[in-house]
1. Confirm whether Ala90 is open to solvent by less than 30 Å² (accessible area, probe 1.4 Å), under 22 Å from Asn33 (Cα atoms) and at pLDDT 95 or above.
2. Has segment 13-36 got at least one residue that is small (Gly, Ala, Ser), modelled with pLDDT under 95 and over 17 Å from Ser105 (Cβ atoms)?
3. Which residue is farthest from the chain's Cα centre (by Cα), if the candidates are limited to segment 49-67 and must be farther than 12 Å from Leu124 by Cβ and free of Cβ contacts under 8 Å to residues at least 12 places away in the same chain?
4. Quick check: is even one residue across segment 94-108 within 25 Å of Gln34 (Cβ to Cβ), more than 11 Å from the chain's Cα centre (by Cα) and in a helix (DSSP H, G or I)?
5. Of all residues in segment 98-138 being among the charged types (D, E, K, R) and at pLDDT 90 or above, which is surrounded by the most Cβ atoms within 10 Å (Cβ to Cβ)?
6. Out of all the residues in segment 62-83, which are assigned to a helix (DSSP H, G or I), surrounded by fewer than 18 Cβ atoms within 10 Å (Cβ to Cβ) and hydrophobic (A, V, I, L, M, F, W, C)?
Amino acid sequence: MVFFNHVFPFFPPTIFPLAQTRTNLRAIVNFVNQKLDRLGLSVQNLDTQFADGVILLLLIGQLEGFFLHLKEFYLTPKSPAEMLHNVTLALELLKDEGLLNHPVSPEDIVNNDAKSTLRVLYSLFRKHKLKESADGVPLEPPN
């Protein structure tokens, strides 16, 4: 998470209004971990754990209600090409749902580009936190 701390000054406020402080980064991490907890998973390192696309696909499945057959992606990718396949699939799902407002390159996520990874996570965070708020479910404060 240290890597992400020095990336925040490069985010335009119009793109990442919530992702400008450590508190908001923790809110995104807590949100991701809360959703992944149902699968017995957690994210400790945003810098690397999304690069292979597996956790990203599982997170999207949890949030958007998708079922992805294990034959559609590589559960344990062994090469950059397999990682790229997974991330590309995840981004296509997000585009189909209208969740990506800004272009994201799958190669950037595979190469651990913090800005691209946060852009994707923030789009999911924003949609589902707003949905929770609109549903009347209280939003938990960031720890």
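1. Values: open to solvent by less than 30 Å² (accessible area, probe 1.4 Å): yes; under 22 Å from Asn33 (Cα atoms): yes; at pLDDT 95 or above: yes.
Spelling it out, Ala90 is indeed open to solvent by less than 30 Å² (accessible area, probe 1.4 Å), under 22 Å from Asn33 (Cα atoms) and at pLDDT 95 or above.
2. Initially, segment 13-36 is screened for residues small (Gly, Ala, Ser), giving 19, 27.
Filter once more, keeping what is modelled with pLDDT under 95: 19, 27.
Of the ones still in play, those that are also over 17 Å from Ser105 (Cβ atoms) are 19, 27.
Yes, because at least one residue in segment 13-36 is small (Gly, Ala, Ser), modelled with pLDDT under 95 and over 17 Å from Ser105 (Cβ atoms).
3. Phe67
4. Within segment 94-108, one or more residues are within 25 Å of Gln34 (Cβ to Cβ), more than 11 Å from the chain's Cα centre (by Cα) and in a helix (DSSP H, G or I).
5. From segment 98-138, those among the charged types (D, E, K, R) are 107-108, 113, 115, 119, 126-127, 129, 131-132, 135; that's our starting set.
Right, trim to at pLDDT 90 or above and you get 107-108, 113, 119.
Values: Glu107: 14, Asp108: 18, Asp113: 17, Arg119: 21.
Of everything passing the filter in segment 98-138, Arg119 is surrounded by the most Cβ atoms within 10 Å (Cβ to Cβ).
6. Leu70, Ala81
The values are calculated or read from the model by the stated rules, or taken from the named source; none is laboratory data. All figures in this text were calculated on a predicted structure; none of them were measured in a lab. All Cβ positions, glycine included, derive from the backbone under ideal geometry; neighbour counts span all protein chains shown. Remember, those area values only see protein heavy atoms, side chains included, never the ligands or the DNA or RNA. Shrake-Rupley method; radii C 1.70, N 1.55, O 1.52, S 1.80 Å.
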